[in-house]
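The values are calculated or read from the model by the stated rules, or taken from the named source; none is laboratory data. Owing to the predicted nature of the structure, the values given are computational and were not obtained by experimental measurement. All Cβ positions, even for glycine, are placed from backbone atoms using ideal geometry, and neighbour counts span all protein chains on display.
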Amino acid sequence: MILSDTQILQEMRRGNIVIRPFRRSCLGSNSYDVHLGPYLATYSRPELDVKRPNPVHRFRIPKEGFVLMPNQLYLAATTEYTETLRHVPFLEGKSSVGRLGIDIHSTAGKGDVGYANYWTLEISAKVPVRIYAGMPIGQLIYFEVSGPVRQDYGRKAGAKYTRVSRFPVPSRMHLNFR
């Protein structure tokens with residue numbers, strides 16, 4: 001079951017959902033709008049290796065915006081820091097963004113119970129399109145979990161994305177091969 005706006009606010013008061021900064025105007029009937037942070041990153045090499053760290057080039061989105069180009073993967077982060085202690089968060093793109101040909105994630109739209117961080121976005125564009133820091137980029141939807149959770153994401157031994165970062169975080173797939 002998806003949480004309604006009333007339930008999201010109740011869970012925030014209980015401390016089970018944290019959204020910082022929180023703006024009431026960003027709360028929809030069953031979702032919360034998140035915004036594009038000020039930094040983008042691109043991988044430094046044209047060929048990536050899943051068994052090794054892949055360095056990235058990070059840069060600030062200029063005030064006049066930045067044009068996303070097709071066939072290029074961009075990493076970004078949300079402006080909002082979130083914690084979800086009892087629900088499963090899903091990050092979806094806003095329809096207005098999708099209608100401009102922008103995808104905000106390749107496969108990583110679902111969070112885990114216990115996730116506490118900024119969201120890294122895997123952005124691609126079908127056509128050249130100018131984006132701006134702070135623009136609405138996606139929406140979080142919260143699902144109820146059926147039954148107790150034995151080990152949340154923050155306590156999972158193999159969790160690779162627990163270090164809080166306002167910057168886009170590149171893949172840590174290489175840690176699976178230790």
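At a glance:
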item: Out of 113, 56, sole residue that is over 19 Å from residue 132 (Cα atoms), buried (at least 17 other Cβ atoms within 10 Å of the Cβ) and at pLDDT below 95; result: 113
item: Leading residue by the ranking (farthest from residue 6 (Cα to Cα)) among those in the range 124-175 that are without any contact (Cβ under 8 Å) to a residue 60 or more places away in the chain and among the polar types (S, T, N, Q); result: 124
item: The range 11-53: number of residues that are in contact with a His (Cβ under 7 Å, 6 or more places away or on another chain), loosely packed, with under 14 Cβ neighbours inside 10 Å and not aliphatic (A, V, I, L, M); result: 4
item: Among (1) within 17 Å of residue 139 (Cβ to Cβ); (2) in a loop (DSSP other than H, G, I, E, B); (3) of a type in the set (Val, Ile, Thr), the one test that residue 8 misses; result: (2)
item: Unique match (being under 24 Å from residue 46 (Cα atoms) and out of contact with any strand residue (DSSP E or B) (no Cβ under 8 Å at 6 or more places or on another chain)) among 73, 175, 121; result: 175
item: Every residue from the range 138-177 that is surrounded by 15 or more Cβ atoms within 10 Å (Cβ to Cβ), farther than 25 Å from residue 86 by Cβ and in contact with a Gly (Cβ under 9 Å, 6 or more places away or on another chain); result: 167, 168
item: Top-ranked residue of the range 75-110 - restricted to ones that are closer than 18 Å to residue 30 by Cα and polar (S, T, N, Q), ranked as surrounded by the fewest Cβ atoms within 10 Å (Cβ to Cβ); result: 95
item: Candidate set from the range 92-139 (those that are in contact with a Pro (Cβ under 8 Å, 6 or more places away or on another chain), in a strand (DSSP E or B) and of a type outside the set (Ser, Thr, Tyr)); member that is farthest from residue 165 (Cα to Cα); result: 125
item: Residue within the range 49-64 that is touching a residue at least 24 places away in the same chain (Cβ under 8 Å), aliphatic (A, V, I, L, M) and under 30 Å from residue 1 (Cα atoms) present; result: no
item: Residue list for the range 36-64, filter: charged (D, E, K, R) and assigned to a loop (DSSP other than H, G, I, E, B); result: 45, 47, 49, 51, 52, 63, 64
item: Test result for residue 44, without any contact (Cβ under 8 Å) to a residue 40 or more places away in the chain and of a type in the set (Ser, Thr, Tyr); result: yes
